[in-house]
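Quick note: the coordinates plus some simple rules give every number you see, no bench work behind them. Fair warning: this is a prediction, and the values are worked out from it, not measured in the lab. We place every Cβ from the backbone using ideal geometry, glycine too, and count neighbours over all the protein chains shown.
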Amino acid sequence: MPKRVSLWAIALAALCVAPAGDAAPIQWTSASGGNDHYYEDFDASLDWFGADAAAGSMVFMGFTGHLATVTSLPEHEFLISTFADRDFGLWLGGIQAPGSTEPGGGWGWITGEPFAFTIWNPSEPNNAQGEEERIELRSEGAFRGWNDQFSLDTNSGYIVEWEPGASVPEPYDPRPLQRCSDRTGVAAEDRLVLAAEAIRPLTWTDAALFCVVGAEVIEAAAGPGTRH
């Protein structure tokens, strides 16, 4: 089981250490059948929220990055071949809406793109321990596909995508505030830090995953550190 760390520790690490990536983002050109987007992989021991925040802070050629979304087999094969030297365990921008039918319901991309293409590893998604709600690119023997993973587990890295001329809409869910359930295996002090030290404004999807003893979830429209 990967080690879990608080988002506060991640925030401090992000301020002090730049993630290690390739020399420059690599373009999947339309001439080669691609979408003209740019991609880069980064080595960093982060949970999904830390990786998401790091990706969103990266600007390349005037375009803001986001965790990579994989919407076709050619795009998947491009990532596999481009980053073939990686021991795969890389966060992607795939999320599962809270309260979805497990294990296969409610999956989507942070960009709002259609979730039509999938390439899950054998026996995945499986919602192990009842808490896996993010997508990582992971090796299963010779097969390199997707695995569902708990968002607060650390991973070995992440892939950032830059889309020329595109912006990334934040997922919106108009459900009222609700009280989080306790998460087994996450220390109370970490839950408190996660709520108090969020390093970016949270969407409803993100907020529903933050659990604080005796407090309600963070309002999506509020800035970091706001609780209700």
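Couple of notes before you dig in:
- Proximity of backbone amide H atoms, modeled 1.01 Å from N, is registered between Phe83 and no other residue at under 5 Å, excluding neighbours fewer than 5 places apart on the same chain.
- Label point distance in nm, Glu77-Asp43, each placed 7 Å from Cα along Cα→Cβ: 2.9
- Extension gain for Glu113 to Ser57 (0.36 nm times residue separation, less C-alpha to C-alpha distance): 18.1 nm.
- Placed amide H near His37: partners under 5 Å, 5+ positions off or other chain: Trp28
- ³J(HN,Hα), Karplus 6.51/-1.76/1.60, whole Hz, each residue of region 65-73, x for Gly, Pro: x, 8, 4, 4, 10, 10, 10, 7, 5
- Amide H within-cut-off set for Met58, under 5 Å, with H built and near neighbours excluded: Gly65
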